[in-house]
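Trainee: Please read through the structure below; I'll follow up with questions.
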Amino acid sequence: MSSPSRQAPGRISSGVAGANVKREEALTREKVKILLVDDNPDNLVSIEAALEALNEDLVSARSGTEALRYLLENDFAAILLDVKMPEMDGFEAAELIRSRKRSQHTPILFLTAYRNEEHLFRGYDLGAVDFLFKPIVPEILRSKVAVFVELSRSAQRQRRQAEILAKAELKFRSLLEAAPDAMLMTTAEGEIVLANSRADNMFGYSRQELLGSNIRVLVPTWTLSSYHVGESASLCKDGSTFPRKSIPARCRPRKVC
């Protein structure tokens, strides 16, 4: 019969794993924004109805100027932009959208009722990813937009992962620096990629000198497969040596030329 103390860790681990899965699912299903731009309110209603099944955050604008205001403070998975609009047509709006760093790479799908080669060339020149011709088939519109929704969501996941990794690296570097002993991290080939300040003091090299150098500069007999504490002597910058388990006075901190 298992004791309660043996069962408890399993329950805790399962709970943590379950929480992580739920959190990941929530992040995966976080809604992305899609910007719909058309001066005709009936067209906007039709587009919203076609995209409703995607269950994303649909933002409607009645003009290019209004669309630009939304783009100042929001990131969008895609922009559906009507070509023919008063005051500022879709091409002029697209040019301004592309001129702003935040929306420079946001996918633009032009909506138009005219199959005009000149329009096509101009639109693609402005960075359009596609043209949709009116009357728009809801299924086609939905399938095209769904592709950019998934791409946007994938980019969001990658950004979050990069942020998590950056925080983990910062924490690791802080722990490394706070360690009471000299600590180095190398590649499999022996290249030093991390070193704390204790290593500077111990070996007489500056941090800049250590990074990028090979660990064999400090431990000439080092190999990845046979490296064990106490097996070989370490070498200071001035040429003196010492066993790893003891640091004589001659290798303690001093002025380095």
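Trainee: Output the residues belonging to segment 151-191 that are hydrophobic (A, V, I, L, M, F, W, C) and in contact (Cβ under 8 Å) with a residue 24 or more places away in the chain.
Mentor: We begin by selecting, within segment 151-191, every residue hydrophobic (A, V, I, L, M, F, W, C); these are 151, 155, 162, 164-166, 168, 170, 172, 175-176, 178-179, 182-185, 188.
If the condition is that a residue be hydrophobic (A, V, I, L, M, F, W, C) and in contact (Cβ under 8 Å) with a residue 24 or more places away in the chain, then LEU151, LEU184, ALA188 are the ones that fit.
Trainee: Let me ask you something else. Taking LEU51, is it in a helix (DSSP H, G or I) and modelled with pLDDT of 90 or more? Full working, then the answer.
Mentor: Details: in a helix (DSSP H, G or I): yes; modelled with pLDDT of 90 or more: yes.
In short, yes.
Trainee: TYR205 fails exactly one of the following numbered conditions: (1) open to solvent by less than 80 Å² (accessible area, probe 1.4 Å); (2) within 30 Å of GLU52 (Cβ to Cβ); (3) touching a residue at least 40 places away in the same chain (Cβ under 8 Å). What is the number of that condition?
Mentor: Result: TYR205 fails condition (2) only.
Trainee: Do you know which residues across segment 118-155 are open to solvent by 90 Å² or more (accessible area, probe 1.4 Å) and closer than 24 Å to ASP39 by Cβ?
Mentor: Residues satisfying the conditions are GLU118, PHE121, ARG122, TYR124, ASP125, PRO135.
Trainee: When you look at ILE192, is it in contact with a helix residue (DSSP H, G or I) (Cβ under 9 Å, 6 or more places away or on another chain) and β-branched (Val, Ile, Thr), yes or no? Before you say what the answer is, go through the steps one by one.
Mentor: Details: in contact with a helix residue (DSSP H, G or I) (Cβ under 9 Å, 6 or more places away or on another chain): yes; β-branched (Val, Ile, Thr): yes.
Here the answer is yes, as ILE192 does meet what is asked.
Trainee: Hey, can you tell me all the residues within segment 59-91 that are open to solvent by 80 Å² or more (accessible area, probe 1.4 Å) and either over 14 Å from LYS33 (Cβ atoms) or of a type in the set (D, E, K, R) (or both)?
Mentor: Quick first cut of segment 59-91, residues open to solvent by 80 Å² or more (accessible area, probe 1.4 Å) only: 62, 69, 72-73, 75, 84, 86-87.
ARG62, ARG69, GLU73, ASP75, LYS84, PRO86, GLU87 - these are the residues of segment 59-91 that are open to solvent by 80 Å² or more (accessible area, probe 1.4 Å) and either over 14 Å from LYS33 (Cβ atoms) or of a type in the set (D, E, K, R) (or both).
The values are calculated or read from the model by the stated rules, or taken from the named source; none is laboratory data. From a predicted model like this one, the values you see are computed outputs, not experimental measurements. FYI the Cβ positions are ideal-geometry reconstructions off the backbone, even for glycines, and counts take in every protein chain you see. Only protein heavy atoms, including side chains, enter the accessible area calculation; ligands, DNA and RNA are left aside. Shrake-Rupley method; radii C 1.70, N 1.55, O 1.52, S 1.80 Å.
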